[in-house]
1. Does residue 270 meet the test of being without any contact (Cβ under 8 Å) to a residue 60 or more places away in the chain and within 20 Å of the chain's Cα centre (by Cα)?
2. Name every residue in the stretch 283-317 that is under 26 Å from residue 148 (Cα atoms) and touching a Leu at 6+ places or on another chain (Cβ under 8 Å), in order of residue number.
3. Looking at residue 130 and the list (1) within 29 Å of residue 245 (Cα to Cα); (2) in contact (Cβ under 8 Å) with a residue 24 or more places away in the chain, which single condition is not satisfied?
4. List the pairs whose first member sits in the stretch 93-122 and is without any contact (Cβ under 8 Å) to a residue 24 or more places away in the chain, whose second member is part of a helix (DSSP H, G or I) and surrounded by fewer than 19 Cβ atoms within 10 Å (Cβ to Cβ), and whose Cβ atoms are under 7 Å apart, counting only residues at least 6 apart or on separate chains?
5. Going through 193, 181, 204 one at a time, which residue ends up being over 19 Å from residue 101 (Cα atoms), not in a helix (DSSP H, G or I) and not hydroxyl-bearing (Ser, Thr, Tyr)?
6. Looking at (1) of a type in the set (Val, Ile, Thr); (2) in contact with a Phe, Trp or Tyr (Cβ under 8 Å, 6 or more places away or on another chain); (3) surrounded by fewer than 17 Cβ atoms within 10 Å (Cβ to Cβ), can you tell me which one residue 112 breaks?
7. Looking at (1) closer than 30 Å to residue 335 by Cα; (2) surrounded by fewer than 18 Cβ atoms within 10 Å (Cβ to Cβ); (3) touching a helix residue (DSSP H, G or I) at 6+ places or on another chain (Cβ under 7 Å), which is the one condition that is false for residue 288?
8. In the list 108, 95, which residue meets the criterion of being of a type in the set (Phe, Trp, Tyr), farther than 12 Å from residue 64 by Cβ and either part of a helix (DSSP H, G or I) or under 25 Å from the mean Cα position of the chain (by Cα) (or both)?
Amino acid sequence: MEKYAHIFDTRRLNTDLKKRSLRSGAVTLGSQALMFIIQLGSTMILARILSPQDYGINAMAMTITGFAGMFSSFGLSTATVQRSDITHEQVSTLFWINVLIGFLITLFTAVISPAAAWFYKTPELLWVMLTLSLIFVITGMGVQHQALLTRQMRFFSIVIINVISTLAGVVVAIITGYYGFGYWALVFNLLTFVSLNTIGYWYFCKWIPGLPRRHSGVGAMIRFGSSLVGSNVVNYFPRHLDNVLIGRSHGSDALGLYSKAYQLLMMPITNLRNPLTRVAIPSLSRLQDNPEQYRDYFLKCVSLLAFISMPLVTFMFVFSDQLISLLLGTQWIGASEIFKILALAAFIQPVASTSEMVLVSSGQGRLFLVLSVATAVVTCLSFAIGLPWGPKGVALAYALANYLLFFPIFYYTFKNTAITLGHMAGAVYKPVFSSLLMGGTCVVLVVPFMDDLNNLFWLPAGLFLSAAAYLVSFAVFPGGLDELRESWAYGKLVFERNK
């Protein structure tokens with residue numbers, strides 16, 4: 001019997017997949033709540049220590065290192081997770097491919113660092129990028145270990161790794177920021193996080209790669225991974241070209257305000273969406289042969305994501321001035337209008353991102369690439385159209401592009417599945433209208449009285465009223481009360497099993 005057979009054989013996970021997914025989702029969501037608190041606390045502290053210019057320089061560096069990072073895993077982590085059967089020899093070969101790619105990307109990033117500093121007209125960027133180039137070698141050594149943990153649905157181990165790494169990175173950033181290191185605090189934060197992540201994956205996975213083998217049968221996995229890389233690279237441009245254009249045309253201060261508004265808005269959304277996606281993709285991959293169960297599981301994911309994210313974004317839209325003042329400080333109030341415009345896009349973004357769950361879990365890498373190209377073209381054009389009006393114009397154009405793309409993307413995503421646009425609409429209509437009713441209630445009953453940004457009474461009052469208005473509105477819709485009861489029952493079940 002193969003030494004690591006227990007690591008690669010996942011057939012036992014197909015037994016009681018629903019309960020495993022529920023438990024894994026609960027653990028991951030709980031960890032994300034903790035990480036959100038850590039990130040929020042660090043944001044409140046660092047935003048008062050560092051300047052918009054510091055964040056702008058960091059954002060400039062991340063647009064380039066982030067692009068290079070698209071090639072770091074080369075989609076091979078997803079290929080390992082998605083594959084029904086896999087061997088030690090195959091994963092070992094993929095491991096060494098990831099290490100080699102990481103080393104090459106580090107060299108490439110170091111070489112282009114002077115050009116990046118010239119492009120942005122920011123000399124400080126040179127040494128920032130040279131330092132950040134190290135993350136690719138470090139990340140490459142942990143890609144397959146993380147994939148194996150995900151494949152085994154060992155999400156609690158991943159949770160421990162992420163929480164410890166995040167907390168350590170935050171502590172390093174706060175200490176270095178306090179002692180006047182400026183934008184370097186953000187660089188040290190990322191290096192600490194990435195290093196501890198890789199160490200943690202090795203510690204928990206207990207798998208040691210062997211030597212690469214030429215005929216190990218990884219060709220199909222590399223082709224699948226390369227399709228995902230192509231899709232991710234294409235997706236990267238619409239997600240980061242706005243930062244490139246704003247940084248080049250309007251400087252680090254304007255980019256700092258824009259990027260911080262986007263980061264603050266996406267912080268809670270990412271902490272909701274990412275754990276759900278990590279749990280959903282391996283679960284959906286194992287339901288490919290049962291179209292009805294696949295459809296029902298996917299719609300549950302969409303419904304859950306919409307139920308939480310849409311009212312949350314609506315609340316942030318209505319109380320944007322108060323949130324910016326409280327979380328970042330009054331020196332960041334210029335980011336408030338950008339924050340509000342971006343919230344229009346964020347209202348549907350979490351649900352829109354679920355198309356990736358279907359395309360990846362069903363192995364439709366080529367369609368994923370085609371749709372990614374179409375999305376990139378439309379979004380990048382919107383950035384170019386909005387750029388003359390500065391960060392606000394870019395934000396508004398981006399929001400409009402998101403709504404324009406929503407239905408066409410899902411039409412083609414569902415074409416070869418048992419899911420329809422009607423199913424999708426049925427899963428989200430209650431959260432959509434309940435959130436709008438909630439927002440209208442707050443605008444009428446709370447906003448007219450918020451004349452002092454420093455009066456902290458209105459945020460908890462608005463939060464209480466928002467929650468009450470949302471739940472009442474949701475319960476009024478047909479089947480809404482039953483869904484709330486079911487969610488409550490699931491919550492109790494998860495709590496009892498994780499005591």
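The values are calculated or read from the model by the stated rules, or taken from the named source; none is laboratory data. All values reported here derive from a predicted model rather than from experimental measurement. All Cβ positions, even for glycine, are placed from backbone atoms using ideal geometry, and neighbour counts span all protein chains on display.
1. yes
2. Of everything in the stretch 283-317, those that are under 26 Å from residue 148 (Cα atoms) and touching a Leu at 6+ places or on another chain (Cβ under 8 Å) turn out to be 283, 286, 287, 293, 294, 297, 298, 301, 305.
3. Of the numbered conditions (1) within 29 Å of residue 245 (Cα to Cα); (2) in contact (Cβ under 8 Å) with a residue 24 or more places away in the chain, the odd one out for residue 130 is (2).
4. 110/130; 113/126; 113/130; 114/126; 117/126
5. None of the other options fit; the residue is 181.
6. (2)
7. It fails just one condition, (1).
8. So the residue among 108, 95 that is of a type in the set (Phe, Trp, Tyr), farther than 12 Å from residue 64 by Cβ and either part of a helix (DSSP H, G or I) or under 25 Å from the mean Cα position of the chain (by Cα) (or both) is 95.
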